[in-house]
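Scroll down for the structure; my scribbles are underneath it.
Values quoted throughout were computed directly from the atomic coordinates according to the rules given, and no laboratory measurement underlies them. All values reported here derive from a predicted model rather than from experimental measurement. Positions of Cβ are backbone-derived with ideal geometry, glycine not excepted, and every protein chain shown enters the neighbour counts.
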Amino acid sequence: MTGGGGRRILVTGASGFIGSHLVRALADAGHDVRAMTRRPAEYDGPGTAVYGDVGDAASLEAALAGVDAAYYLVHSLDSTDFVRKDADAATAFGRVAAEAGVSRIVYLGGLGGEERTLSPHLRSRREVERLLAEGGVPVTVLRAAVVIGHGGISWEITRQLVAHLPVMVAPRWVKTRTQPIALRDVIRYLAGVLDHPEAAGRTYEVGGPEVLRYIDMLQRAALVMNRRVLPVLSVPLLTPRLSSGWLALVTDVDAETGRNLIDSMTNEVVVTDQAIRSLLPGELTGYDEAVRLALADRERALGTPPAGAPRPAEAP
């Protein structure tokens with residue numbers, strides 16, 4: 001980031017996939033970071049742990065008091081009632097942030113085309129964008145597709161499918177185009193927009209340098225992980241709903257979360273507006289390198305290489 005250091009910033013979902021990396025980036029940039037979590041006693045990352053639950057509006061008052069900017073990085077995809085829960089939480093957060101005098105909210109949402117054609121998951125992300133802003137605080141929205149990094153649910157689905165399946169069962173949705181982005185590039189964008197006042201109230205689309213089909217992502221991950229091509233068995237009648245049941249059998253991803261994500265895989269999610277590249281220029285990480293970085297992070301976290309994977313040649 002450039003300039004403007006030393007602000008007090010709240011990061012919701014601070015112990016999660018994106019939040020844990022963002023907290024570190026913001027703290028390294030010299031900001032006073034509040035890491036909001038429902039279990040502050042267990043938090044061991046950078047910043048100051050504070051209690052807060054977006055489902056409990058009263059808890060947000062203390063968390064947001066005196067905060068200059070807030071990052072909203074939470075969702076309820078593991079719930080059958082995620083649309084209502086996320087709407088209620090966003091409404092409360094936007095209202096309390098306004099009452100606390102917060103100058104900006106930054107939200108990581110989802111890519112996609114016209115809202116009427118989106119899956120319930122992606123429509124909910126768009127609704128959250130609007131509801132966060134209803135309180136009156138300017139919201140900077142970054143819309144992304146799959147984020148490639150250790151701990152990310154969408155990436156974990158890819159990794160486990162490649163690791164566990166000798167043959168990829170290919171429903172129709174594997175031919176849908178998407179634009180995955182490396183974790184480190186998302187963090188750079190999230191942290192970087194804070195230093196640009198002109199980004200307040202703006203929506204940016206973020207993605208990596210390549211547009212790929214889901215089957216391309218799987219095949220290329222297989223080459224990086226196992227140095228072999230993953231055979232594909234086409235099963236066009238395997239619907240997203242049936243696919244989610246199959247996914248639960250071959251991965252350990254939460255069934256409800258997996259179902260909601262699979263439902264979105266029929267939507268093409270690619271960048272159509274490159275404005276973020278002018279605001280925050282920089283080289284983007286290619287897909288294969290993003291996979292290597294994710295595997296290296298997993299190896300460090302677990303202390304052992306992923307089953308069947310060569311030791312990555314590079315690390316972040």
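Which Cα, out of P197, G207, Q179, lies furthest along the positive dipole direction of region 170-210 (beta carbon charges, K/R +1, D/E -1)?
Going by the charge dipole, the pick is Q179.
Using the Cβ atoms and a cut-off under 13 Å, what net charge is assigned to the surroundings of P209, where Lys and Arg are +1 and Asp and Glu are -1?
-4
Principal axes first, then extents: for the Cα atoms of the chain, list largest minus smallest coordinate on each axis, whole Å, largest first.
That gives 55, 41, 40 Å along the principal axes, largest extent first.
Within 14 Å, Cβ to Cβ, of K175, how many net charges do the neighbouring residues add up to if Lys/Arg are +1 and Asp/Glu are -1?
+1
Could you give the size of the charge dipole of the chain about its Cα centre, using +1 on the Cβ of each K and R and -1 on the Cβ of each D and E, expressed in debye and rounded to the nearest 20?
700 debye
What order do you get for R143, R228, R277, R123 when you list them from fewest to most C-beta neighbours inside 10 Å?
R228, R277, R123, R143
Need one number: % antiparallel among DSSP beta bridges in the chain, to the nearest 5.
For the chain, the DSSP antiparallel bridge percentage is about 5.
How do 41-51, 208-218 rank on mean C-beta neighbours within 10 Å, highest first?
So the peptides 41-51, 208-218, ranked by packing, come out 208-218, 41-51.
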